[in-house]
Amino acid sequence: MEDLELLAQMLGGDEKAFTELVARYNSTLIRVARYYVGSDASAEDVAQETWIAVIRGVSSFEGRSTFKTWLFHILVNRARSVGSREHRMIAVDPNESSGLAPSRFDQGGMWREPPVPFTDVIENGMVNQRIVQLVREAISLLPEPQQAVVTLRDVEGLSTKEVADLLELSEANARVILHRGRTRVRADVESKMKERET
Amino acid sequence: MMLSSPDLMCREAVELMSDYLEGSLSRRDRRRLEKHLAGCPLCTSYLEQMRLTIAASGSVTPADLEPEVLDDLVELFHRYRESPDDT
Ligand SMILES: [Zn+2]
């Protein structure tokens, strides 16, 4: 069922519609909140406040965006005010490694340790549950900014511009963070492929 | 003799792949990357792995909620909900 149908049913008092929306989005809310606040417990509180705002219709959905973009905006507004109370610094470090060990390349910049093949990851033309599971674990291990950006862009399917607007990043910075996150996730999956090979 | 931009090395090529998939590379960088990919099976397979990783991310479903978290939220739902019929 579509998010908007669930929202309408929820506003009509349907508990099941509410729990379905919670099941769809609570984990993403917590991940994104974690970008702003200093602990998992604070992030869970912010997610809970977000749901309360939705239940009370504090800011009503006007159909200019998708339900999830609207929901994420409520979350970010709340997380930002809690986050600034917790004095959390958010910065893109240009010197941070992109997640691929420099030793993978020789002095001439060519592969010394080539990519380990991804085997048995496609079934009927689609990625199978095995790689989806590996990717899910890898995303949960990313540093917070990468986790928020990869979750919003690649898991929830927002555009890079929407992600940048939501997190108040420049699009260029959002792309750098996305690149680093994807690089790490791929490398993490690769290391699992390697374990299996040996 | 190199008159235009120098050829990419693999180390540089991998840094461009996420932006390449986003469609946000400059024309110049896109050409350099595609030229490199045409002659480099290893970077081509790296790019394919990036695509698989992104496709798999799009198939990640939310983790199951802990029952206590859900119970708390359901309680809040009933506490904060405005009755739709109280006009
Ligand atoms: Zn190469």
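The values are calculated or read from the model by the stated rules, or taken from the named source; none is laboratory data. Quantities reported herein were computed from a predicted structural model and do not represent experimental measurements. Note that we place each Cβ from the backbone using ideal geometry, even for glycine, and neighbour counts take in every protein chain shown.
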* Starting from the stretch B:7-20, take each residue that is free of Cβ contacts under 8 Å to residues at least 60 places away in the same chain and list its partners that are aliphatic (A, V, I, L, M) and within 11 Å of the ligand (Cβ to nearest atom), counting only C-beta distances under 7 angstrom and pairs at least six apart or across chains. => B:Leu8/B:Leu33; B:Met9/A:Met110; B:Cys10/A:Met110; B:Cys10/B:Leu42; B:Ala13/B:Leu33; B:Leu16/B:Leu33; B:Met17/B:Leu47; B:Tyr20/B:Leu33
* Only residues that are more than 11 Å from chain B (Cβ to nearest Cβ), surrounded by fewer than 19 Cβ atoms within 10 Å (Cβ to Cβ) and not in a helix (DSSP H, G or I): list them for the stretch A:142-198, please. => A:Pro143, A:Glu168, A:Ser170, A:Thr198
* **Failed item in (1) modelled with pLDDT of 95 or more; (2) more than 8 Å from chain A (Cβ to nearest Cβ); (3) closer than 29 Å to A:Gln48 by Cβ, with B:Asp85 passing the rest** => (1)
* May I ask you to list the residues in the stretch B:25-50 that are within 16 Å of the ligand (Cβ to nearest atom) and of a type in the set (D, E, K, R)? => B:Asp29, B:Arg30, B:Arg31, B:Arg32, B:Glu34, B:Lys35, B:Glu48
* B:Leu8 passes all but one of (1) in a helix (DSSP H, G or I); (2) within 12 Å of the ligand (Cβ to nearest atom); (3) facing chain A (nearest Cβ under 10 Å); which number fails? -> (1)
* Which of (1) assigned to a helix (DSSP H, G or I); (2) surrounded by fewer than 18 Cβ atoms within 10 Å (Cβ to Cβ) is the odd one out, the single condition A:Asn26 does not satisfy? -> (2)
* the stretch A:102-125 residues that are more than 7 Å from chain B (Cβ to nearest Cβ), paired with ones that are small (Gly, Ala, Ser) and not in a helix (DSSP H, G or I) (beta carbon under 9 Å, 6 or more apart) -> A:Glu113/A:Ala101
